[in-house]
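Q: Mind having a look at this structure? Questions to follow.
The values are calculated or read from the model by the stated rules, or taken from the named source; none is laboratory data. This is a predicted model, so every value here is computed, not measured. For neighbour counting, all protein chains shown are included, and Cβ atoms are generated from backbone atoms with ideal geometry for every residue, glycine included.
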Amino acid sequence: MRISVIGCGYLGAVHAAAMASLGHEVVGIDVDESKVEALRAGRAPFFEPGLPELLLEAGAGGGLTFGTDIAAVAGARVHFVCVGTPQLKGELGADLSYVDASIAALIPRLQPGDVVVGKSTVPVGTAERLAEELAPAGATLIWNPEFLREGFAVEDTLHPDRFVYGLPTQDGVATEAGEAAKLLLDEVYATPLADDTPLVVTDYATAQLVKVAANSFLATKISFINAMAELCEATGGDVTQLADAIGYDARIGRRFLNAGLGFGGGCLPKDIRAFMARAGELGVDQALTFLREVDSINGRRRERMVELAREVCGGSLVGKRITVLGATFKPNSDDIRDSPALSVADSLEKNGAHVVVTDPQGIENARRARPNLHYTADVLDAVRDADVVLLGTEWSEYRDLDPQKLGEVVAGKHMLDGRNVLDPTQWRAAGWTYRALGRP
Ligand code: UDX
């Protein structure tokens, strides 16, 4: 089937390539010419494992093209809207201007019976409005949120945990147009659906809520364990053992209970804030006041890490050389948006430290965002003469560092483990002081 993908960022580029790999003829549209040029050449505009291979494979077969001109959507029957919804400047809510611009650009190109599939994360109520705007063109909207994780985006797109279709409904039942649209979308996803991926067919409101509810739950789980880390710090407990012990309870589960510097990235922080803003507009802000706490627990971990560094430095950070291992918000990504590691690095520098940051993939992006910090690609160069080393992002190369080897080049053997991934016994045996968040 010929399909179009509007917006070729993390979500859209991966979605376009993945759909082409299922055998569809895909055209990806983005306003950013440099992004389109890279994608046309089979280059991923950001670091995402598996994406370059998928782009080359799909591009070589001729089933995947990219352009900046929306006219190229002609002939496509299904149009995926994958543009970003960043946080509005100075406000909690989401900026819907890219979604609105995509729909406005699509409308004159649509044929009756076309299906527009919303994948962007939006405030609940947006789909209902967009469906009305699309109705005169004879197109049907399906709300089909995406749950991909950066670093696993290809796998998550081709083998999702579940599909959610939000269909237009009347009196609680999908309309005829909604049912027809569903069949077309089933055809697009034929292969993963045939693999028994669960499918939840619902209304627009639920489909939009599923996405923000899932991200809010994940953020809450992380902040819960980080709140327990605060308790562990006050009592001498060990949050990693606590997480293991409660995680054995199948009702709780161990995943997303890793205490440390907390969550960052382009999704969880902005999604919980936009959700709170929307709840306020809907008059149910009380239902989500706990998310304010989730957000502030998350921010407090960064502050606590700066305090820990100050403590280790004997009360003042001024003139201290601190190496931060990791700039990205998580491993296997070059994304530095709202990165806890980088935000801590920045605070350390603002408190007078000389901060050197290293990262396997994120240095270029970090340098653009925080030019005040120093950057070195090689880990041994980065830690040379450091008074303190702080692990901010748990890349596997940092988990596997040899404390003996590192100890030979640093000025002070102080390790601050911001992700609770190092073995304290091993580091202490090599003569380091080991400090972590939520561990004695
Ligand atoms: C998230 C959701 O997981 C995904 O389903 C959604 O579609 C987009 O947002 P992503 O932003 O790629 O994905 O990252 P995720 O793997 O969820 O991690 C988010 C942040 O939480 C990272 O900064 C990570 O380091 C942190 N985290 C995660 C923890 O601090 N502790 C944990 O136990 C897990």
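Q: Of these, 64, 39, 110, 54, which one is under 30 Å from residue 361 (Cα atoms) and out of contact with any strand residue (DSSP E or B) (no Cβ under 7 Å at 6 or more places or on another chain)?
A: Details: 64 fails: out of contact with any strand residue (DSSP E or B) (no Cβ under 7 Å at 6 or more places or on another chain); 39 fails: out of contact with any strand residue (DSSP E or B) (no Cβ under 7 Å at 6 or more places or on another chain); 110 fails: under 30 Å from residue 361 (Cα atoms).
Going through 64, 39, 110, 54 in turn, the sole match is 54.
Q: OK, next. Collect the residues in the range 209-234 that are surrounded by fewer than 24 Cβ atoms within 10 Å (Cβ to Cβ), more than 8 Å from the ligand (Cβ to nearest atom) and within 13 Å of residue 256 (Cα to Cα), keeping them in residue-number order.
A: The answer is 216, 217, 220, 224.
Q: With the structure loaded, tell me whether residue 217 is within 19 Å of the chain's Cα centre (by Cα) and without any contact (Cβ under 8 Å) to a residue 12 or more places away in the chain or whether it fails that test.
A: On the way: within 19 Å of the chain's Cα centre (by Cα): yes; without any contact (Cβ under 8 Å) to a residue 12 or more places away in the chain: yes.
Against the criterion (within 19 Å of the chain's Cα centre (by Cα) and without any contact (Cβ under 8 Å) to a residue 12 or more places away in the chain), residue 217 qualifies.
Q: Need pairs with beta-carbon distance below 8 Å; first residue among the small types (Gly, Ala, Ser) and within the range 403-417, second not in a loop (DSSP other than H, G, I, E, B); sequence gap 6+ or separate chains.
A: Between residues of the range 403-417 that are among the small types (Gly, Ala, Ser) and residues that are not in a loop (DSSP other than H, G, I, E, B), the close pairs are 411/321; 412/388.
Q: May I ask you to list the residues in the range 165-188 that are under 15 Å from residue 203 (Cα atoms) and β-branched (Val, Ile, Thr)?
A: 169, 173, 175
Q: From the set of residues in the range 235-290 that are aromatic (Phe, Trp, Tyr) and assigned to a helix (DSSP H, G or I), which is farthest from the chain's Cα centre (by Cα)? Steps first, answer last, please.
A: Start the filter on the range 235-290 by keeping residues that are aromatic (Phe, Trp, Tyr), which leaves 248, 256, 263, 275, 290.
From the residues that got through so far, the ones that are assigned to a helix (DSSP H, G or I) too are 275, 290.
Working: 275: 16, 290: 21 Å.
My answer is 290.
Q: For residue 333, indicate whether it is touching a residue at least 12 places away in the same chain (Cβ under 8 Å), within 16 Å of the ligand (Cβ to nearest atom) and crowded, with 24+ Cβ neighbours inside 10 Å.
A: On the way: touching a residue at least 12 places away in the same chain (Cβ under 8 Å): yes; within 16 Å of the ligand (Cβ to nearest atom): yes; crowded, with 24+ Cβ neighbours inside 10 Å: yes.
Considered against the rule, which asks whether it is touching a residue at least 12 places away in the same chain (Cβ under 8 Å), within 16 Å of the ligand (Cβ to nearest atom) and crowded, with 24+ Cβ neighbours inside 10 Å, residue 333 comes out as yes.
Q: Is it the case that residue 390 is assigned to a loop (DSSP other than H, G, I, E, B), modelled with pLDDT of 95 or more and among the hydrophobic types (A, V, I, L, M, F, W, C)? Quick ask: steps written out before the conclusion?
A: Numbers: assigned to a loop (DSSP other than H, G, I, E, B): no; modelled with pLDDT of 95 or more: yes; among the hydrophobic types (A, V, I, L, M, F, W, C): yes.
Considered against the rule, which asks whether it is assigned to a loop (DSSP other than H, G, I, E, B), modelled with pLDDT of 95 or more and among the hydrophobic types (A, V, I, L, M, F, W, C), residue 390 comes out as no.
Q: When residue 392 is evaluated against the numbered criteria (1) under 20 Å from the mean Cα position of the chain (by Cα); (2) over 24 Å from residue 351 (Cβ atoms), which criterion, by number, is the only one it fails?
A: With (1) under 20 Å from the mean Cα position of the chain (by Cα); (2) over 24 Å from residue 351 (Cβ atoms) applied to residue 392, the lone miss is (2).
Q: Can you confirm whether residue 156 is within 16 Å of the ligand (Cβ to nearest atom), among the charged types (D, E, K, R) and closer than 17 Å to residue 10 by Cα?
A: On the way: within 16 Å of the ligand (Cβ to nearest atom): yes; among the charged types (D, E, K, R): yes; closer than 17 Å to residue 10 by Cα: yes.
Against the criterion (within 16 Å of the ligand (Cβ to nearest atom), among the charged types (D, E, K, R) and closer than 17 Å to residue 10 by Cα), residue 156 qualifies.
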